[in-house]
Amino acid sequence: MKRLEDNTKLIDILKEKYKEGKEVFIFDFDGTLINSEPLHFDAHKEVYKLITGKELDDEDRKNHKGGTNRETYEKLIKDTGIDFDIEWAIEEKSEIVLKLLKKEKLFDFFSDIVTTFPDAQKIIVSNQEEWVLKDILKHFDIAKYFKKIYSLSKLLVPKSDFYDRLFEFTKIRYQNAVVFEDSQTVIDKTMQTGIFTIGVDNGYNSKLLKKADIIIRAKK
């Protein structure tokens, strides 16, 4: 594992990997391309209060990481015993998150990559609701860069397991891919299969990236 301090070194490494045949770049969105981790929790706090009438403490942030909105609210029903409309909760949270995301900026390394590697195949895989993902990619004018966009919001499979299906479906070979991720679970999975993996340190996950081939510091 090697930690890089600037985008120039990242691009140099990617150029070498590209020469070796790693021509498919797969990106997560939340926490990898944009600083969305605190935004999801803030949105969840609002919906949680509407459902329970109670405030969530910031200490609960550690229990609100990763996974889909559906998993979050299915768990909330089990934990509280409150019977509420999950579809409504997902819609409510997604609306709030989308407004917050549009006030943010993308991490800067992405523009360097699309400029330097215009011919590389680019795929995005996200737990975001599909309509939110498409809207926010359009807002930042980056949908045009992705050959495929996959939303996992309605799939009954963890993102780490989805990668197996993705490579089987697209016929992409593991040795031809580079994955950009901020999730320890996904990084563990990609490293097991030999995919070159770049951990994105967004300030909330620094200790979770140790197994990545290289780590980059996300900056706006």
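The values are calculated or read from the model by the stated rules, or taken from the named source; none is laboratory data. These figures come from a predicted structure and were not determined experimentally. Positions of Cβ are backbone-derived with ideal geometry, glycine not excepted, and every protein chain shown enters the neighbour counts.
Annotations for the structure displayed:
- Some residue of region 14-26 being without any contact (Cβ under 8 Å) to a residue 12 or more places away in the chain and in contact with a helix residue (DSSP H, G or I) (Cβ under 8 Å, 6 or more places away or on another chain): no
- Test: residue in region 184-199 that is charged (D, E, K, R), in contact (Cβ under 8 Å) with a residue 12 or more places away in the chain and over 20 Å from LYS2 (Cβ atoms): yes
- Verdict on ILE113 being surrounded by 19 or more Cβ atoms within 10 Å (Cβ to Cβ), assigned to a helix (DSSP H, G or I) and in contact (Cβ under 8 Å) with a residue 40 or more places away in the chain: yes
- Looking only at residues of region 124-167 that are assigned to a loop (DSSP other than H, G, I, E, B) and of a type in the set (A, V, I, L, M, F, W, C), we find that the one that is nearest to SER94 (Cα to Cα) is LEU152.
- Qualifying residue in region 90-106 (condition: modelled with pLDDT under 90 and either in the same structural domain as LEU10 (by TED's automatic domain parsing) or of a type in the set (A, V, I, L, M) (or both)): no
- Residue match in region 167-180 (condition: touching a residue at least 40 places away in the same chain (Cβ under 8 Å) and touching a helix residue (DSSP H, G or I) at 6+ places or on another chain (Cβ under 7 Å)): yes
- Yes/no for ARG3 being closer than 18 Å to ILE214 by Cβ and charged (D, E, K, R): yes
- The number of residues in region 52-75 that are modelled with pLDDT of 90 or more and buried (at least 18 other Cβ atoms within 10 Å of the Cβ) comes to 1.
- From the options LEU76, LEU33, LEU98, residue that is free of Cβ contacts under 8 Å to residues at least 40 places away in the same chain and within 15 Å of the chain's Cα centre (by Cα): LEU98
- Screening region 1-99 for helices (runs of 4 or more DSSP H) wholly inside it with 3 or more residues that are among the acidic types (Asp, Glu) returns the ranges 37-52, 69-80.
- Between TYR174, TYR163, the distinction of being modelled with pLDDT of 85 or more, among the aromatic types (Phe, Trp, Tyr) and over 16 Å from LEU4 (Cβ atoms) belongs to TYR174 only.
- Checking every residue in region 93-112 against the condition of being more than 30 Å from THR8 (Cβ to Cβ), touching a Phe, Trp or Tyr at 6+ places or on another chain (Cβ under 8 Å) and not basic (Lys, Arg) gives at least one match.
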